[in-house]
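For reference, the structure discussed in these notes is given below.
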Amino acid sequence: MAFELKYRKDITQLQKEASEDTELKRTLGPWQLVALGIGAIIGAGLFSLTGIAAADHAGPAVTISFIIAAVGCAFAGLCYAEFASMIPIAGSAYTYSYATLGEMFAWVIGWDLVLEYAVGASTVAISWSAYLVKFLEYFQIHLPSWMIASPWQMIKLESGMEVTGFINLPAMFIVFAMSTLLIIGIQESARANAVIVFLKIAVVIIFIGLGFMFVNSDNLVPFIPENTGSFGHFGWSGIFKAAGVVFFAFIGFDAVSTAAQEAKNPQRDMPIGILGSLAVCTVLYVLFSYVMVGMVPYTAFKGAAAPVAVAIAATPFTWLKPAINLAIIAGYSSVILVMLLGQSRVFYTMSKDGLIPKIFSDTHPRFKTPWKSNILFAIMVSLFAGLMPIALVGEMTSVGTLFAFMMVCIAVWILRRKEPGRERPFKTPWVPFVPIAGIISCGVLLMALFLDQTHGREHMLRFGAWLVIGGIIYFTYSIKHSKIRAQQGQN
């Protein structure tokens, strides 16, 4: 079979399919979409990876890292908003690439998104487990060390001894619980998420308000610690490395775009959901990170999977510790929920296109959800969460996210040149400046991750290996079963 790059989806046909497809229920309004975004954005990136980024890379300047990451996200978010309003399909960046760059690039992005959401949900599940363990300790309930961490995750016991675990069972449990909720239905999932998001925002605001009273200016000096001589370890290189790490915290708006096929009025509501959730969370992130590194020295977060608990320990509000801890646990649950939602919807769309087996686009006869995809990812993500360390999966997620964002920015630029007259309910401003700026900012952060002397080579190898596996599947299965190729009589 001759390999060609010309196979692209027709946008007009995609829009028609989106309006006629009744397999997924259209039940989400604009504020539910904003809540979905906030539910995914405020999570491990804020409550856990902030501590890792400050202790290992940026020090107090982690606040600058959040601003840099937010700027890159804003460029990408504007590009996502244009596509999500114009092509309201569940496939997100995968579908956008299919319509602009062709099938092969769409496959690469879809395969990348599968990895992104899998390790993203795993990161949050690991952190969820750490906060659950901390919460239970308030009531003198101590889970055995072997069941609360992976074999490569170091944990500190009350005695001060550091040990590794065997498997992270609480992390695996929450993945299965959220997957079950998704199978039951999107409306039920959205309602549960809305309640959790309200609680989560309240917790963040309370932490910022009370924490400001305990900010010690000595903890903020030097604001940018001197570089140790290695790329990514403090100094400005550390700030950019930390920005690449915490970029993971902003992938919620990406997950919002995967719910486009379940939005009531996607042309109007998708930009609101994407940009609204991004704006709210950026302000909260900058304030939260500043307060956290101001309350205790950034070195205190070294190796801490639950850094917020470390910061709260510096205050006299002992009554607040278990309450905030419980709210964080609930908040993490919504992040996992939205990550698993995005993952299953991308797989659903890829299956509808014939690139992966049809079984993954089968919807439940009663619940109208892609339940078989949910089951597959419940198993896959739980294994990641149960057996991998948090720092590794967090940075792997950032790699996949940055790559997807760059491709969406490229796709917007290309489509504007090819079809400038096409109707766009929401138009990305200042094209081509915005997509080019998105490509450059995301590319810089991606290179910061790859150039890290500790894990950079590992990230490149793992990401490359994942793409090689995807390439094998594409050339041995997907090309032969591609619906668009079949329609053009090329199979």
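The values are calculated or read from the model by the stated rules, or taken from the named source; none is laboratory data. Keep in mind that this is a model prediction, so the values were computed, not measured. Using ideal geometry, Cβ is built from the backbone for each residue, glycine included, and neighbour counts are taken over all protein chains shown.
Worth a mention:
- Among the criteria (1) over 27 Å from V245 (Cα atoms); (2) part of a helix (DSSP H, G or I), the one A130 does not fulfil is (1).
- Scanning the range 277-308 for residues that are more than 23 Å from the chain's Cα centre (by Cα) and aliphatic (A, V, I, L, M) returns V291, V293, M295, V296, A300.
- Single match in F176, F212 (criterion: within 19 Å of the chain's Cα centre (by Cα) and surrounded by fewer than 23 Cβ atoms within 10 Å (Cβ to Cβ)): F176
- Pair list, Cβ under 8 Å, 6 or more apart: the range 169-181 residue touching a residue at least 40 places away in the same chain (Cβ under 8 Å) and over 14 Å from Y332 (Cα atoms), other residue part of a helix (DSSP H, G or I) and of a type in the set (D, E): L181/E188
Each row is one residue, and each column tells you yes or no for (1) of a type outside the set (S, T, N, Q); (2) surrounded by 24 or more Cβ atoms within 10 Å (Cβ to Cβ); (3) under 22 Å from I272 (Cα atoms).
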{"site": "W31", "(1), (2), (3)": "yes, no, yes"}
{"site": "S48", "(1), (2), (3)": "no, yes, no"}
{"site": "H57", "(1), (2), (3)": "yes, yes, no"}
{"site": "P60", "(1), (2), (3)": "yes, no, no"}
{"site": "S65", "(1), (2), (3)": "no, yes, no"}
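- Checking each residue in the range 28-51 for being modelled with pLDDT of 85 or more and either farther than 25 Å from A192 by Cα or in contact with an Asp or Glu (Cβ under 6 Å, 6 or more places away or on another chain) (or both) picks out P30, L33, T50, G51.
- Close contacts from the range 243-264, counting a first residue that is on the phi < 0 side of the Ramachandran plot and a second that is at pLDDT 80 or above and of a type in the set (K, R), with Cβ to Cβ under 6 Å and a gap of 6+ residues or different chains, come to T258/R345.
- Checking each residue in the range 282-336 for being in contact (Cβ under 8 Å) with a residue 40 or more places away in the chain, of a type in the set (S, T, N, Q) and surrounded by fewer than 17 Cβ atoms within 10 Å (Cβ to Cβ) picks out T299, T315.
- Residue that is nearest to T318 (Cα to Cα) [pool: residues in the range 215-235 that are of a type in the set (S, T, Y) and exposed (fewer than 13 other Cβ atoms within 10 Å of the Cβ)]: S217
- Some residue of the range 156-168 being assigned to a helix (DSSP H, G or I) and either buried (at least 17 other Cβ atoms within 10 Å of the Cβ) or polar (S, T, N, Q) (or both): no
- Y138 vs. criteria of a type outside the set (A, V, I, L, M) and crowded, with 16+ Cβ neighbours inside 10 Å: no
- Condition met for L340 (more than 20 Å from S127 (Cα to Cα), in a helix (DSSP H, G or I) and modelled with pLDDT of 85 or more): no
- Any hit, the range 367-380, residues being touching an Asp or Glu at 6+ places or on another chain (Cβ under 9 Å) and crowded, with 24+ Cβ neighbours inside 10 Å: yes
- Within the range 221-278, the set of residues being in a loop (DSSP other than H, G, I, E, B), in contact with a strand residue (DSSP E or B) (Cβ under 9 Å, 6 or more places away or on another chain) and at pLDDT 85 or above comprises just one member, K264.
- Failed criterion for Y96 (all others in (1) under 23 Å from M380 (Cα atoms); (2) surrounded by 24 or more Cβ atoms within 10 Å (Cβ to Cβ) hold): (1)
- Test: residue in the range 71-87 that is under 18 Å from A309 (Cα atoms) and modelled with pLDDT under 85: no
- Hits in the range 252-281 (condition: surrounded by fewer than 24 Cβ atoms within 10 Å (Cβ to Cβ) and closer than 20 Å to I328 by Cα): V280
- All positions within the range 358-373 that are outside any helix (DSSP H, G or I) and basic (K, R): R366, K368
- Per the conditions (1) in contact (Cβ under 8 Å) with a residue 12 or more places away in the chain; (2) assigned to a helix (DSSP H, G or I), the sole criterion not satisfied by E188 is (1).
- Matching residues in the range 407-431 - criterion: being assigned to a helix (DSSP H, G or I) and either more than 18 Å from Y98 (Cα to Cα) or at pLDDT below 90 (or both): M407, K418
- Total residues in the range 349-371, condition acidic (D, E) and closer than 18 Å to T180 by Cα: 1
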